[in-house]
Structure formats: C-alpha cells, structure tokens
1. What about residue A:663, is it crowded, with 23+ Cβ neighbours inside 10 Å and either among the polar types (S, T, N, Q) or without any contact (Cβ under 8 Å) to a residue 40 or more places away in the chain (or both)?
2. Among the helices (runs of 4 or more DSSP H) contained in segment A:186-292, which hold 2 or more residues that are within 14 Å of chain B (Cβ to nearest Cβ) and surrounded by fewer than 24 Cβ atoms within 10 Å (Cβ to Cβ)?
3. Check whether at least one residue in segment A:40-57 is out of contact with any strand residue (DSSP E or B) (no Cβ under 9 Å at 6 or more places or on another chain), in contact (Cβ under 8 Å) with a residue 60 or more places away in the chain, surrounded by fewer than 21 Cβ atoms within 10 Å (Cβ to Cβ) and not assigned by TED's automatic domain parsing to the domain that holds residue A:320, and report yes or no.
4. Pick out the one residue from A:29, A:61, A:77 that is under 30 Å from residue A:320 (Cα atoms) and buried (at least 22 other Cβ atoms within 10 Å of the Cβ).
5. Being closer than 20 Å to residue A:745 by Cβ and either under 29 Å from the mean Cα position of the chain (by Cα) or at pLDDT below 95 (or both) is the filter here; which residues of segment A:386-410 pass it?
6. Would you check which residues across segment A:414-472 are within 23 Å of the chain's Cα centre (by Cα), among the aliphatic types (A, V, I, L, M) and closer than 30 Å to residue A:392 by Cα and list them?
7. Filter segment A:480-507 down to the residues that are of a type outside the set (A, V, I, L, M) and closer than 15 Å to residue A:563 by Cβ, then identify the one that is surrounded by the fewest Cβ atoms within 10 Å (Cβ to Cβ).
8. Please give the number of the condition residue B:33 fails out of (1) within 9 Å of chain A (Cβ to nearest Cβ); (2) under 21 Å from residue A:282 (Cα atoms); (3) out of contact with any strand residue (DSSP E or B) (no Cβ under 8 Å at 6 or more places or on another chain).
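The values are calculated or read from the model by the stated rules, or taken from the named source; none is laboratory data. Predicted model only: the values in this text are computed from it and were never measured. Positions of Cβ are generated from backbone atoms using ideal geometry, with glycine treated the same way; all protein chains shown enter the neighbour counts.
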Amino acid sequence: MISRKPHIIGKPFPLIEAQRKLTGRSCYAGDEKPRSGQLYARILFSERPHARFQLHHVEAARSAPGVAALLTGQDLATRLGAQVEDRELLATAEVLYVGQPLAVVAAETPEAAEAALARIQVTYEDLPAVFDIEEALQGRVQVHPHWATYRGTDALQGDPRRNLAHTLRFRRGEPEDAMARAHVVVEHAYTTAPLHHAPLETHGAVAHRRGDQIVMWVHTQAPFLQRAVIARALKLPLNQVRLIGQCVGGSFGGKVHVSIEGLLAAIAREVDRPVRLHLTREEEFSATFITPAMRARIRMAADAQGRLVALQAVYDWNVGASVDLFLHQLESVLLAGTGPYVIPNVSIEVNAIYTHLPPAAPMRGLSLAHVHWAVEQHMDELAERVGMSPVDFRLWNLVKGGDKLFPHFVMHATGLESCAWETTKAIDWHPEAIPTGPNAMTGQGMALGWSPILIMPGCKNRVTIQCDGEDLCTVIVDGMDVGQGYYAFITQLIAFELNIPVEWISVLPTDTDAYEPEWQAVYQNLLWSTGRALLRATQELKRQVLSYVSEMWEEPVTNLDIVEGDIISYATRRRMSFRELLERGSGQGAPLVFRATGEYAASTDGGALDQRLQAFAATGYAAEVTVNMKTGHFVITQLAGAVDVGHALNPEGVRAQLKGGLVQGISTTVLEKMEFEDGRPISTDFMHYPIATTADLPRKLYPVVVEVPQSTGPYGARDVSNHVIIGAAAAIGNAIYRATGVRIRDLPITAQKVYDALQRAEKGQAP
Amino acid sequence: MKHAISFILNQEEIQLTVDSHRTLLDVLRDDLGLTGAKQGCDTGECGACSVLLNGVVVNACMVLAPEADGAEILTVEGLADEEELHPLQRSFIDHHGVQCGYCAPGMLIAAKALLNRTSRPHEEEIREALVGNLCRCGAYPDIIKSIQVASRARR
C-alpha cells in the first residue's frame, strides 16, 4: 500500500547539529586550527568614561617586535552603525565610555600584541560624565554634541541637547480625562538594572584578506547585517567583505551587532595574513554591549466594575553611548507597552537616553520582560484595589481575537487565556499566602505577557535546496543557528515536504558569498520568514523532480509523488529510488542536479509600525516563592511558563527553549546586575556577575506549550525563543508580594531588598 | 622554563615539552589540537574546560601543564568509541541537553565523573555534580534529564 508517512512535524526531532558539539569536533570560531602565518590581534580600550585623550609612543608600539600592523583613530577615523552611526570604530579625540576601542594591533603572538599595546601611553583629560538618565535629560553634559551630523539621525526623533536619542509615542482616546473620572488610579515607577548577555563563548573571530576581499569566520547571529555595517565603516563595496558563520556559543542578542568584528576586519585589511582575535572574559563583560536599564512610570486606572479605562506610561531606557542597536526594541516596547489588555484611553512614550555607559544591545526578550515587570505588577495592585482576583481581573480585561488594536492591526486568535489557566493550574494555584515554617510564608503570583512579532523593514529570507548525486540534498540558508534549533527546523521541514530521509539533508554554514552582494537577510523571526521561503523552495524542487520523471516515464506529472525517498506513480505503481536517480545522473554522463530557491519578503508598504506587525506571541507565567519573613531570604519553589507557539513543530525543542527561558528568567530576576563605579564596569567575571547554576533551579519547573495556530505562519507556527522569558520577573515579583505584603519595584529582587521592604512595612512606612 | 612531560590522554601516551606558565587547557587546545574543552573564563568559574585528571573533574584552565605530568586525562574527545557515541552523548542529543553547546563538553565530563562514582544518581546528586558548570542557555533541566536517562540505560 502506498501511503504518506505519518508526518514528522509535531514529533520529537533531535538537534541534528549537536553531535559535533558533543564530541568536541571543531565548530566554534575559537576551535579553528591556527592557520599558517596567523597573527593575533589585541585591542587597547579606554579606561575613562568621558575624556579627551592622546595616545603617545604609537610609533614605538608599531615598531615593537613582532608587530605586523597597528591602527588608531588617527589612522582610521570612521563610524559604525546599522541604522544610526553613533559609534566610532576607533575613538579619534574623545572617549564616551569605559571599554571604547582606542587602538588595535596584529602581531606574531598574543604576547607580542600585548607588549606592543603596553608601549602606548594614554593621557586623559577627564570631562564631566553622566550615567543617570534624569541627569542626562537635564543636558548639562552632552554625550553626542555632533549627533546631528551622524548618518541616520535624521530619521530619529531625538534631541542631543537633552541626550534624547529617540522618542516614540502612541496615543488613543483621552487618557487624562479618563484618569480624572476613574474609580481607581494606581501610579508607580519601576526600575531594572543593566544586564550583560554573558555568553559562555566570548567574542572572537578570524579574518583574512585574500586579494581585495576580507574573509571572516565569525560567530555572529546576523552575518548579513554585520557585513553591511563593516563594509560601510571601511568604505568597501559589500562584496569585498565575506562572513562565514561558525557555531555560536551563546548570543542572546549580544552577537547580533558589530563589536570587535569591525576592528578585526580593519586590521586584517592591513596585512595579507590571517588574524585571530578573542576577547578575554573580562573584556567580554567590560567592552562589548550591555542590555540597558529601564525606568517605567505608569499610571493605570479602572472603573468600579474592574474595567481598565486608561493607561499613561513612560518607558525610559539608558542606552549608554549608542542607541543604534536598540532602536528595534523601542518599537516593540511601544506596541506591547499596554500589556495584553484592552484599554480605551492610552498614552505611551518610549525614550532612549544617552549616557556615558557602554553601548546598549537588546537581550533575548528582556526589554519586554522589563515592560511586563512594570505592567504586570501594576495589574496585580489594581486587581486588589478593585477587589478582584489577579486571574479574573486579567481575563476580564484581556485582548481577544478580533480586537482592533491599531489602525492596521486586528488581533488574531490567541492563546492568552489558556496561558493563564495552564500556568496557574500547573503550580496548583492558591491565591492566599500560607505559613510554611516558623518564619516562612509561601505565596504565588502570576503574570501574562505578549510580544510583538514585528518584521524589520526590508525583511527577507531565502532558502536554496540542491539535490544531486554527490551530496544528496544540501541547503543554503541566510539565518544562523544559535542553539535555538534553526538547522533542525530546516531539516525537519525539508524531510517532511520532500518526504525524504533526514540523513540525506545537510545544511551548509551560512556564507554571505552564497548570495548576491545586495542581499540583506534578517536575523529575527526566522521561523516565520525562513519557514515560508522554505515551503516555496520545496514546492519548486518537487515540481522539478516530478516533471523530470514524468518525461522519463512518459506519465502525467499528476500521477507522481515522492514517498519515503522513492518516486512513485499512483497510476502504474512504478517505483524508483530518488537517491538512485540522483546518483545515476542524467544518463548522458552529466550529473543530475535539481536546484530550487524560495524567497520570502515581507511587504512593508507604507512603513507604519503597525503595518510591520505580524502577530503577538502570547505568554503566561505562574510562580511560587517561600520567603523568610525575618531575613528576606527567598526561594523560588515553582515556576511555570507558557508560550502560545501556534503549532509546536518540534515539541521537545520548544519545551527545551521554554525551560531555558525560565532559567534565564530566574537568573535575570534574582541574580544579575551589571555594576558600575563611575562608569567603570566592576562586574567583569562570573563571581561578580553571577548567572543561574543548577543550585538556582526551582524544585518544580513547568514548561507549558499552548497551540492556537497562526494562520500566516508555516504550519500555523510562531517563533518561540525570544518570548519565553517575558513574564518571569513579574510573576516572581507578584508572588513575593502575595507572600509578604511588600512589593519590590526594582530588579533584581534580592533578599536585601525584601528585608528592607519588610522593615519599612513593620515601621508603618510606605513600601 | 621548559618541562618535558608525558601523560596518558584519552588512552594514548603523549610526550611533549611545555613552558612552565602554560595551562593544561592551552596545551590541549593549541598544542594537541583538542578543542573539545572550551575556553570560557580562564579563572575556573565556568567549567567549560572541564576534563578528568586521574578520574577527578578539574578545570583545565586552572591546571598548569607541568602538573599534568604522569597523569591520566580524559577529555570529551575520548568519550565516544571509534564508532559509537557514549550513552551520555546519545542521551544529550535525544533529550535536548544541548542548546548553543558551548558548555556541553564540560557537562559531559562532569557527568562522566559522577556516573563513575554513582551509577544511578538522584536528581539532587546530579544538580550538585554540575554546580561548577555554567550553562547560559539555561538548559540545565534537559541536561539533568539527559544524564538521568543515560544512567538508567547503562547496564
């Protein structure tokens, strides 16, 4: 009997690229064998947050033993940026943050490179620096006095005199009037600490100029974006920079944008030998990016029936010396800034503010986690004030399918409600605090959340599949696997669509030279865009194969199909192995090659923000904590997190992402904080920037998969990895409140803060 | 100062001369081309460079190469047989014990040491054995599960 194999979509699918990672075979940029004649690069970084500076003895450094090339901002004055060039590749006259590159050297050994840089003496003339957003907005010190001259700033709503990099606003109804008439109004400010991506693999890459092309083996999450930024900074045509993707040892957003890669390309251009650069752990923490701190000021109002009537919110982000990498986040914050609720009267303002801290880069859903940290604690407080349970109050006000949220966006069917039910059920929800020891109180909290799937302008992705006798099926993609299972997803879909064995399929390393120079792939929402490109490619490839066989067998193509790697005729029952067909060739000595490309480009006509909005991923969280009421020490005993993924194509993979997101959620809620002292990072190792270990796992962790299909996604699926973290902090904060009666409004939540709040409450002071 | 040292690495005898300041991690990765042990921090905080030294888990970045003289060393490259993956490796693939994978070699070595002393570890024991191995992807729950399943599959 001929039948289609029960399909592998929605079934467990292992991570195909895991084997080489688990056997120690070369994979990451740092694993590459030293190439013949290889040089080692090192960077000299600024030690002051704001200063005019001079480099002395540069010539002595340049002529130090073993030095092949050395560049300072005097040799190469150029700017960097994807949308806004608010960074210098090498500082020319002034430094704007500690860790800003001043010089880069390539030498025969790492030691020779170090020794050369040690010859350079830097003299600083310190200038007043500003680290606090409020102080920055007063404008006594300007971070970027020449801001208006930078490429890209004309598209921003900023004001350099107040260090305002960009402002976005949204308004609906009459929030001021509605507030004045409301039954309950709650107003608070919420803050978060700056964070670091802290990938286990530090930034590193190898570059080699071959003729007039600089070839780079890098572990970026976004090779096409990096190529464009590097080429523009070095004033090269795009095809003179080539990036070849390596395994990525953790990115979380930290390896999207150009950091050291631009310097490496610049120094590699000076020599005709391969150059290797790897940051130390200390440099990784102090000289790459930070994820910015937020301050949210929120007023929210409800009527006597518990309906939300108005929200006024201002979200301020301390983006350090560069906003460029954070612009897309500001848009997401604007769209998600109400939380997933229907509120008739709204004003939201999102501000990015420059200071003399390191450049900001987004980190895995955390900007939205911080938005919900504020909104979802606020929702709990309002619920209490109107006398409703946290669950009922949220469901009463929840966004539903069909709600017209923005002029061009009507909400689709969503699993928000299931996220609430499933997560609270998982932790065995009980709304009251329970004494669980002599000084211990146990409480539970919940939070919902949503995350816009916002297509970047010019979004496109492409997949090319080639089937031939030599390599069977090779796949060329323009996205990167960063551990989220992207290659597994591609393999799974091709195996399903072509109905061929998984073992035939190999995904090639992403290489910018596999495309025409102007190709610009995006790096976000890959499941969405690559998935659709992939379906087009498989359809075309299958058409080619079946038409070829149709001619050979002299049968109509409609009789034919590919089933489990065989080409079959439903009419004549003829059967032939697809693999044999490929290996046998065309019969005239020529190899038989089928090749098809599928492309997906989002329409971004009109350019309005809500026209680029494809969907909202829904999330829900429930947490349980036990707090020592004497010491403030607390333990997270249960944490459940749900994401509406539309359709879980690889359910175990989705759950793995969910669990990872929950662990990162715990880590960023209770442990992580980048500490600065006068602009100098002091959290420069894992001792001073602790991240979650196995000791920090709750006893019970529940990943919950909710599936309300997305009609426009491949097989109804939505992306998952970025959304899994969103409500963890808020749910934990709400649980702390339930257990103790005190509310922590500043992340991270520490025992000290809980203790202090308990002390204030005992003395009858405002919490 | 140079030292002539020898050790058994993944059941193979190795002899080489090293500078006294170099770490076992440097020598494994740069001189012997074994890049399974990863460089994550160079200060013994992250566990990405874990190897077994005479059966004990150590951070190779914290061991000077001359200290390894005469020792027996197992790195992740020595875990699989020629043909067949070690049950731990198999289990990590099947149960999503890998995300970005940078911590995986160290995790496997720490797990191997645990299974050498306890054939059927409880979850609590696994957590304790891995506390020196950081995973930024937060894959701990699946890593723990991978180890549990592998330990049950062992005869």
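1. yes
2. Output list reads A:281-286.
3. Looking through segment A:40-57, none of the residues is out of contact with any strand residue (DSSP E or B) (no Cβ under 9 Å at 6 or more places or on another chain), in contact (Cβ under 8 Å) with a residue 60 or more places away in the chain, surrounded by fewer than 21 Cβ atoms within 10 Å (Cβ to Cβ) and not assigned by TED's automatic domain parsing to the domain that holds residue A:320.
4. From the options A:29, A:61, A:77, the qualifying one is A:29.
5. A:394
6. A:416, A:447, A:448, A:453, A:454
7. A:501
8. Result: residue B:33 passes all but (2).
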